[in-house]
Amino acid sequence: MSQQADQFKKLVSHCKEYGFIFPSSEIYDGLSAVYDYGPYGAELKNNIKAYWWQSMVQMHENIVGLDSAIFMHPLIWKASGHVDAFNDPLIDNKDSKKRYRADQLIEGYLEKLEEKMAKEVEKARKRFGDSFDEAMFRQTNPRVAEYQQQHDAILDRFTQSMGAGNLADIKALIDELEIADPETGSRNWTEVRQFNLMFSTQYGGSVSDEDSKLYLRPETAQGIFVNFLNVQKTTRQKVPFGIAQIGKAFRNEIVARQFIFRMREFEQMEMQFFVRPGEEMKWYNYWKEARMKWHLALGTPAEKLKFKDHDNLAHYANAAVDIQFDFPFGFKELEGIHSRTDFDLSSHQQLSGRKLQYFDSELNENYVPYVVETSVGCDRMFLALISQALQEESVPDAKGEDATRTVLKLHPALAPVKCAVLPLLKNKEELTGKAREVFNDLKHSFLCQYDEKDAIGRRYRRQDAIGTPFCVTIDFDTLEDNTVTIRERDSMQQERVRIDEVEGIVRKRTEMAGLFR
Ligand code: ATP
């Protein structure tokens with residue numbers, strides 16, 4: 001097993017063992033691509049959502065929140081284009097019986113070509129040292145130039161075929177490139193078919209009546225669009241302004257094999273920003289930068305994040321970029337920033353027969369606003385954070401079992417539990433009573449944990465494994481002078497402080513405001 005695959009396996013089992021994520025319906029052997037968040041997972045997820053919500057709604061006077069229903073009128077999905085166009089091209093391997101997304105097989109091939117080019121570039125960089133000119137090398141090195149030419153030709157054809165819905169050509173491309181089943185190497189493929197990703201259900205008493213068919217929303221954005229005027233009028237917002245929403249979305253994904261990266265039920269954090277027509281690119285660039293800063297503020301190393309422009313623009317977009325994260329299985333989409341034009345509002349206006357226009361008093365003009373959207377998956381954010389936070393380290397001066405520790409170096413503002421309160425010994429009533437007192441006071445301010453079981457070292461390890469930034473230990477000196485030791489998770493440094501200082505120390509490091517400043 002590769003090192004990355006091994007790390008990923010460890011991450012999945014850590015999430016289960018420490019109460020972050022459980023497979024759904026586990027006692028019935030699970031339900032594929034659906035997961036439940038355990039006690040610490042629920043806390044971390046809530047904190048991710050709070051960080052996003054506050055950064056949008058609290059930090060911007062011109063962004064307000066919304067919580068629209070999951071069920072919506074079925075015509076909404078007609079207008080949005082999802083009924084006709086929310087499809088993925090699927091292909092089955094006849095030997096392995098495994099199902100794949102045809103577009104992802106081709107994208108995987110293109111990524112391999114990119115990796116080959118990057119390898120050549122790195123080799124040359126080492127050879128030429130400081131005088132290395134990458135752009136020149138890419139142009140003149142025959143091998144790289146050939147890869148690039150091949151890459152561009154495939155991308156061009158792929159983009160055209162995807163845009164035209166030419167499934168036969170997608171299949172032909174897979175055959176010509178001799179793309180094999182990544183798991184078994186077989187090239188025995190079926191034809192490519194379109195597959196609609198929306199889940200549907202029946203509304204009311206009638207069965208199998210097309211008119212009563214309801215969809216589980218595949219994105220939260222449409223709830224924002226159809227409420228655009230309600231929100232604008234009730235909050236007296238002026239363009240440009242945004243509406244933010246966090247909520248569940250459902251997609252019947254064809255391939256869902258990467259833990260919480262691709263789920264059939266997941267949560268999105270979406271913000272639609274309504275702007276004057278013609279100003280959308282200015283705001284698109286603004287939100288691109290703002291969203292990258294949001295990720296970096298959490299301490300994510302810059303080399304783990306990158307922008308990737310879309311090769312295939314969705315039917316509603318005139319510009320689109322992903323923020324990709326270096327997941328344990330490579331760089332993949334974490335967030336999308338899309339310039340959605342006036343597509344959605346105009347379609348709803350047309351199909352509903354209701355005006356969805358804004359009167360711009362400065363321009364003395366009515367128009368349908370353009371929209372720039374930022375859309376990040378809460379679960380993918382969770383996976384990104386856990387995958388960079390989970391670390392195994394050696395502990396200086398420790399022996400045996402204690403010589404290594406597993407620590408979850410989450411940003412303290414997002415950590416599930418902020419502070420653990422630990423009496424040095426379990427059977428000394430003076431110590432446990434005092435520790436309870438400290439705990440009962442601190443719990444007014446943060447989520448804290450009281451733990452008296454096992455040796456103190458074991459208790460530190462348990463808190464490290466769930467990412468608790470501070471542990472406070474009550475010992476015999478505490479009873480004399482009202483001081484405690486406070487241990488910081490990452491440095492493992494211990495400091496002696498007064499009990500009445502603890503709240504301030506923990507607050508300063510764990511408050512969300514630190515992320516905004
Ligand atoms: P992908 O190309 O990976 O299927 P997408 O381009 O369809 O993603 P969007 O429609 O842009 O995704 O959705 C916005 C965000 O919602 C994504 O950036 C991702 O974080 C999240 N998301 C989308 N689909 C899923 C899913 N099946 N499971 C978890 N999160 C998802």
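The table below lists the values:
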{"item": "Matching option when the condition is in contact with an Asp or Glu (Cβ under 6 Å, 6 or more places away or on another chain), among the hydroxyl-bearing types (Ser, Thr, Tyr) and at pLDDT 90 or above, among 190, 184, 140, 234", "result": "190"}
{"item": "Some residue of segment 121-131 being open to solvent by 30 Å² or more (accessible area, probe 1.4 Å), in contact (Cβ under 8 Å) with a residue 40 or more places away in the chain and hydroxyl-bearing (Ser, Thr, Tyr)", "result": "no"}
{"item": "Pair list, Cβ under 9 Å, 6 or more apart: segment 1-27 residue in a helix (DSSP H, G or I), other residue among the β-branched types (Val, Ile, Thr)", "result": "10/406; 11/386; 12/21; 14/386; 14/406; 15/21; 15/260; 15/386"}
{"item": "Residue check for residue 257: at pLDDT below 95, in a loop (DSSP other than H, G, I, E, B) and in the same structural domain as residue 20 (by TED's automatic domain parsing)", "result": "yes"}
{"item": "Helices (runs of 4 or more DSSP H) wholly inside segment 37-103 that include at least 1 residues being surrounded by 17 or more Cβ atoms within 10 Å (Cβ to Cβ) and touching a Gly at 6+ places or on another chain (Cβ under 6 Å)", "result": "39-53"}
{"item": "Extreme residue, most open to solvent (accessible area, probe 1.4 Å), among residues of segment 254-289 that are within 8 Å of the ligand (Cβ to nearest atom) and in contact with a Ser or Thr (Cβ under 8 Å, 6 or more places away or on another chain)", "result": "264"}
{"item": "Residue list for segment 132-169, filter: more than 30 Å from residue 192 (Cα to Cα), assigned to a helix (DSSP H, G or I) and open to solvent by 60 Å² or more (accessible area, probe 1.4 Å)", "result": "134, 135, 136, 138, 139, 140, 142, 143"}
{"item": "Residue check, residue 40 hydroxyl-bearing (Ser, Thr, Tyr) and touching a Pro at 6+ places or on another chain (Cβ under 8 Å)", "result": "yes"}
{"item": "Of all residues making up segment 278-298, the number that are outside any helix (DSSP H, G or I) and either modelled with pLDDT under 95 or over 21 Å from residue 383 (Cβ atoms) (or both)", "result": "2"}
{"item": "Qualifying residue in segment 300-312 (condition: part of a loop (DSSP other than H, G, I, E, B), open to solvent by less than 40 Å² (accessible area, probe 1.4 Å) and modelled with pLDDT of 95 or more)", "result": "yes"}
{"item": "Every residue from segment 317-332 that is in contact (Cβ under 8 Å) with a residue 24 or more places away in the chain, within 11 Å of the ligand (Cβ to nearest atom) and over 19 Å from residue 2 (Cα atoms)", "result": "317, 321, 323, 325"}
{"item": "In segment 240-253, residue nearest to residue 340 (Cα to Cα) [restricted to those that are more than 10 Å from the ligand (Cβ to nearest atom) and open to solvent by 20 Å² or more (accessible area, probe 1.4 Å)]", "result": "240"}
{"item": "Among residues of segment 365-387, those that are open to solvent by 10 Å² or more (accessible area, probe 1.4 Å) and within 16 Å of the ligand (Cβ to nearest atom), counted", "result": "5"}
{"item": "First in segment 366-389 and free of Cβ contacts under 8 Å to residues at least 24 places away in the same chain, second anywhere and within 9 Å of the ligand (Cβ to nearest atom), Cβ under 6 Å, 6 or more apart", "result": "none"}
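The values are calculated or read from the model by the stated rules, or taken from the named source; none is laboratory data. None of these values were measured; they are calculated from a predicted model. Every residue, glycine among them, receives a Cβ derived from its backbone with ideal geometry; neighbour counts consider all protein chains shown. The area values use the complete protein model at the heavy-atom level, side chains included, leaving out ligands, DNA and RNA. Shrake-Rupley method; radii C 1.70, N 1.55, O 1.52, S 1.80 Å.
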